[in-house]
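Enquirer: My questions all concern the structure below.
The values are calculated or read from the model by the stated rules, or taken from the named source; none is laboratory data. Note that the structure is a prediction, hence the values are computed from the model and not measured. Here Cβ is always computed from backbone atoms with ideal geometry, including for glycine, and neighbour counts include all displayed protein chains. The protein model used for the area step is the full one, side chains on, heavy atoms only, and it has no ligands, DNA or RNA in it. Shrake-Rupley method; radii C 1.70, N 1.55, O 1.52, S 1.80 Å.
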Amino acid sequence: MLLIPKNRWVQVELAFDETEEVYEKSLIALPEDYKPAEKPYKAVSVVCDSGEEYKYGDVIVVPTHVIHEIEIRKNRFYLVERNHIMAVLTATE
């Protein structure tokens, strides 16, 4: 299934920042529903940009609370409004 964002929306993928979310097992027993504190921002990869300012694979930084998850027929899509993009990450040489 393909999602094409319109107007000011950018489709993103959360996989870029997943390695930071993995945490080692603790020797202390924690409740099953325990989740570590969420960062106020997240680095995500661009999948599709309706305004064509960002290309596929660009890494952008957005506030965590503005990432909208859409589930359609067991497919998950993530959208962010363009005006919430804080920065673009680039490799330094």
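Enquirer: Going through VAL47, VAL80, VAL66 one at a time, which residue ends up being in contact with a helix residue (DSSP H, G or I) (Cβ under 9 Å, 6 or more places away or on another chain) and closer than 12 Å to GLU13 by Cβ?
Expert: VAL80
Enquirer: Kindly check whether there is at least one residue in the stretch 11-34 that is modelled with pLDDT of 75 or more, assigned to a loop (DSSP other than H, G, I, E, B) and in contact with a Lys or Arg (Cβ under 8 Å, 6 or more places away or on another chain).
Expert: Looking through the stretch 11-34, none of the residues is modelled with pLDDT of 75 or more, assigned to a loop (DSSP other than H, G, I, E, B) and in contact with a Lys or Arg (Cβ under 8 Å, 6 or more places away or on another chain).
Enquirer: Pull up the stretch 36-93, narrow it to residues that are part of a helix (DSSP H, G or I) and under 19 Å from LYS6 (Cα atoms), then point me to the one that is most open to solvent (accessible area, probe 1.4 Å).
Expert: ASN83
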